[in-house]
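Down below is the structure, laid out as structure tokens.
The values are calculated or read from the model by the stated rules, or taken from the named source; none is laboratory data. Note that the structure is a prediction, hence the values are computed from the model and not measured. No Cβ is skipped: glycine too gets one built from the backbone with ideal geometry, and neighbour counts run over all protein chains shown. Heads up: the accessible areas ignore ligands, DNA and RNA and are worked out on the full protein's heavy atoms, side chains in. Shrake-Rupley method; radii C 1.70, N 1.55, O 1.52, S 1.80 Å.
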Amino acid sequence: MRAIKGTRDVFGVEIRKWNIVENRILEFMRKYNYEEIRTPTFEQTQLYLRGIGDETDIVNKEMYTFIDKGGRSITLRPEGTAGVVRAYIENKMYADKTVKKLFYMGSMFRQERPQKGRYREFRQFGIENIGTEESLADAEVIAFAYNLYKALGLKSVKIEINSIGCQECRKKYLKALKNFLKPHYNELCENCQRRFETNTLRVLDCKNPKCKKVTEGAPSTIDYLCDGCKRHFKAVLHYLDIQDIPYVVNNRLVRGLDYYTRTVFEVTTDMLGSQNAIAAGGRYDYLIGMFHSEEIPAVGFAGGMDRLILLMDEEGLFDDMEGYKPDVFVVAVNDDVRDEVVKISGLLREQGFSVETDLAMKSLKSQLRRAGKLNVKNVLIVGPDEIAKRVVLYKNMEKHSQKEIDIEELKNFKRIVE
Ligand SMILES: [Zn+2]
Ligand SMILES: [Zn+2]
């Protein structure tokens, strides 16, 4: 049996990297007072058809959708926002009229062509800030993303930002965009010819070189913003300025769906010449209204973990994995002292030490070899003669020193290892 194409096992050195990054993201989330939410890995297919849009590649080609034994159409989540929004409404988190700041992290599933750093089961994290349309919220979400990647050690992190306006000003813009594209219709790729009618905005972020060329001189959304949207965008940039967050306004940055409003942004880094975004987000003031009786404004972002860890690894950001070896190896000189080794190990673990011992009843020599391999700093050697004297032999492998210590002293082992 083999793992399914596009999935993989993460273990050994690799999982340590994941643990490090996940823990740092969790700590970071607390700094901004976001609270974790865990939603189901699968939902009704309908949630994604409406919440992501049936014109998107995700919904058209990439979802893992199946009929369960009860005849229900189920989909493995391809992204996190739709589930969080469903949970927000179902659990009436709007009831107290405060801003809800939610964080999630977990596996997502998309049937894409597997390639380096891209899997069919991949991990994403993200935040959703639900309940206000104020520009301060947009700025906090962007600051969170920017500062998180900086804190993880990424270099030349940059924000690309744009405003795509509200439903009012977008109408005018789409008209202008269509007028601009019409004479070039035949130069567009097949996808964009279809998008021209159904999802015109998306033509702007097509990766096809022909389409890129056509849209070079396309009108900018920010030139068509209404007064409210203009003020909002200006304020978001102001709050980024006062926090020294570097950004560039990118007029081509769009989101294709009607429920996206105003701010859209991406986080990029030029590490290893990688031009791709490592995170993307924006405001979605009209999404909640699609499932709920009133519109509730929201803004958020999502970032992938798989490529992030790959990037950090290639930049040597995991060179220091010291925390991942045991603090102490307790060695049994022979099998008569195994009971003592078990008791001593328990005593040290109670004090918070990471302790390893031999479980396979191996020889003294082989235990010492393993302690050496693990590169453990502290080794305790428990022998019958010493036990009779109520002492053990303590070796500090870094200082190449050793001494006998009283078993009583093990109750405060910290004093000995310092
Ligand atoms: Zn507007
Ligand atoms: Zn195209």
Can you go through Ile309, Ile278, Ile296 and tell me which one is assigned by TED's automatic domain parsing to the domain that holds Lys158 and touching a Lys or Arg at 6+ places or on another chain (Cβ under 6 Å)?
Ile309
Are any residues in segment 194-230 under 32 Å from the mean Cα position of the chain (by Cα), more than 16 Å from ligand 1 (Cβ to nearest atom) and not hydroxyl-bearing (Ser, Thr, Tyr), and if so, which ones?
Arg195, Asn199, Arg202, Val203, Leu204, Asp205, Cys206, Lys207, Asn208, Pro209, Cys211, Lys212
Open to solvent by less than 60 Å² (accessible area, probe 1.4 Å) and closer than 30 Å to Leu76 by Cβ: which single residue out of Asn199, Asn162 fits that description?
Asn199
Checked against (1) touching a helix residue (DSSP H, G or I) at 6+ places or on another chain (Cβ under 7 Å); (2) under 30 Å from Asn191 (Cα atoms), Pro114 satisfies every condition except (1)
Exception for Thr263 within (1) crowded, with 19+ Cβ neighbours inside 10 Å; (2) modelled with pLDDT of 95 or more; (3) out of contact with any Ser or Thr (no Cβ under 7 Å at 6 or more places or on another chain); (4) assigned by TED's automatic domain parsing to the domain that holds Phe144 falls at (3)
Across segment 235-259, what is the total count of residues that are of a type in the set (D, E, K, R) and farther than 12 Å from Ser163 by Cα?
3
Quick check on this structure: which one of Lys389, Lys373 is among the basic types (Lys, Arg), more than 23 Å from Tyr324 (Cα to Cα) and free of Cβ contacts under 8 Å to residues at least 24 places away in the same chain?
Lys389
Qualifying positions in segment 121-142 - open to solvent by 40 Å² or more (accessible area, probe 1.4 Å), of a type in the set (D, E, K, R) and outside any strand (DSSP E or B)
Glu133, Glu134, Glu140
Quick one: which strands (runs of 3 or more DSSP E) lie wholly within segment 298-414 and hold at least 2 residues that are over 25 Å from Val21 (Cα atoms) and among the aliphatic types (A, V, I, L, M)?
328-332, 378-382, 391-396
Can you tell me which residue within segment 179-193, out of those that are open to solvent by less than 60 Å² (accessible area, probe 1.4 Å) and within 11 Å of Ala218 (Cβ to Cβ), is farthest from ligand 1 (Cβ to nearest atom)?
His184
